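The values are calculated or read from the model by the stated rules, or taken from the named source; none is laboratory data. As the structure is a computational prediction, the values presented were derived from the model and not from experiment. In this analysis, Cβ positions are derived from the backbone assuming ideal geometry, glycine residues included, and neighbour counts consider all displayed protein chains. Keep in mind that these areas ignore ligands, DNA and RNA; they rest on the heavy atoms of the full protein, side chains included. Shrake-Rupley method; radii C 1.70, N 1.55, O 1.52, S 1.80 Å.
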Amino acid sequence: MWNYERRLQYPINITRPNAKIAQVIMSQYGGPDGEISASMRYLSQRYSMPYRKVAGLLTDIGTEELAHMEMIATIVRQLTKGLSAEELEAAGFAPYYIDHTAGIWPQAAGGIPFNACEFQVKGDAITDLVEDMAAEQKARTTYDNILRLVKDPEVCDPIRFLRMREIVHFQRFGEGLRLVQEELDSRNFYACNPEFDPGCGK
Amino acid sequence: MMMNQMNQQQLLHWIDMVSFAVVDMTEYLDTHPHDEKALEYFNHYEDLRRSALRAYGEKYGPLTIDTAYPEKHWTWSMQPLPWEGGNC
């Protein structure tokens, strides 16, 4: 069960709209390494994770990712709010505007719609945690790419916060992986799938 | 039954009931913000929910992070998860 807090995890107040950068930042909403992917990945993987501490970690990080989704949506909204159709078109935003006006819809920077195939639930503890670590790094890379393009400090500041969280979560998932490995045979961590065959590997 | 006489199962069931009242009233009040009876109902159940969550957290371990009250150990991550079955 969840409860909503009527606040952002980190404050965002963008005073200079810019649809050109909204178009690229949008990728961290519904793109391949975006926050929806992140949240759905962890919140879906947790049910069959056989170690309670790690299932709890997936829950808590997956929950934080929901807040990041809201932050990215807020950035895109503030970057496009109040712009005219002509201004949106001049910024290269016309293809998005035609289908979604100035609403928030999950797609990648290149227009590819959000798709559950962006993430995986393999039902194997080590496999899933290794994917989670890679996912955090891919998101960090995307934030680095965004920061090279964006110069407005009002946009960069919350993006830097989100980038830092990717690094922290990479560390936490690394620790989660270590917790799982401690339950397995150190001579061959990959000998079996403890998520499907309980108690195997010991 | 008074809250302090409930066992763990009963207290959790109580939390489920009063929390549902809070959720349902929240949505109703979003579209009927001046309904005095509904406001009274909301406040009543919100109060019951808050004290029940606190009591559960102190006695059986936290259901929410605001009622975790950690002292020597981090019990949050050791609590049963709701999909495990059993007492959730």
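Annotations for the structure displayed:
- Residue that is farthest from the other protein chains (Cβ to nearest Cβ), among those in the range A:1-37 that are open to solvent by 10 Å² or more (accessible area, probe 1.4 Å) and part of a helix (DSSP H, G or I): A:Lys20
- The set of residues in the range B:27-44 being part of a helix (DSSP H, G or I) and either open to solvent by less than 60 Å² (accessible area, probe 1.4 Å) or touching a Leu at 6+ places or on another chain (Cβ under 8 Å) (or both) consists of B:Leu29, B:Ala38, B:Leu39, B:Phe42.
- B:Pro80 being part of a loop (DSSP other than H, G, I, E, B) and more than 14 Å from chain A (Cβ to nearest Cβ): no
- Count of the range A:65-93 residues which are over 15 Å from the mean Cα position of the chain (by Cα) and open to solvent by 30 Å² or more (accessible area, probe 1.4 Å): 12
- Failed condition for A:Glu64, given (1) part of a loop (DSSP other than H, G, I, E, B); (2) within 14 Å of chain B (Cβ to nearest Cβ): (1)
- Unique match (being part of a loop (DSSP other than H, G, I, E, B) and buried (at least 16 other Cβ atoms within 10 Å of the Cβ)) among A:Val121, A:Val155: A:Val121
- Selection from the range B:1-21 of residues that are within 15 Å of B:Thr67 (Cβ to Cβ) and either within 14 Å of another protein chain (Cβ to nearest Cβ) or open to solvent by less than 50 Å² (accessible area, probe 1.4 Å) (or both): B:Leu11, B:Leu12, B:Ile15, B:Val18, B:Ser19
- Note on the range A:39-55: residues that are touching a helix residue (DSSP H, G or I) at 6+ places or on another chain (Cβ under 6 Å), open to solvent by 10 Å² or more (accessible area, probe 1.4 Å) and either more than 14 Å from every other protein chain (Cβ to nearest Cβ) or without any contact (Cβ under 8 Å) to a residue 40 or more places away in the chain (or both) amount to 3.
- Number of positions in the range B:45-88 that are touching a Leu at 6+ places or on another chain (Cβ under 8 Å) and closer than 20 Å to A:Glu64 by Cα: 6
- Once the range B:65-77 is narrowed to residues that are over 18 Å from A:Lys53 (Cβ atoms) and either within 14 Å of another protein chain (Cβ to nearest Cβ) or touching a helix residue (DSSP H, G or I) at 6+ places or on another chain (Cβ under 7 Å) (or both), the residue that is most open to solvent (accessible area, probe 1.4 Å) is B:Asp66.
- Complete set of residues in the range B:49-65 that are in a helix (DSSP H, G or I), among the aliphatic types (A, V, I, L, M) and closer than 18 Å to A:Trp2 by Cα: B:Ala52, B:Leu53, B:Ile65
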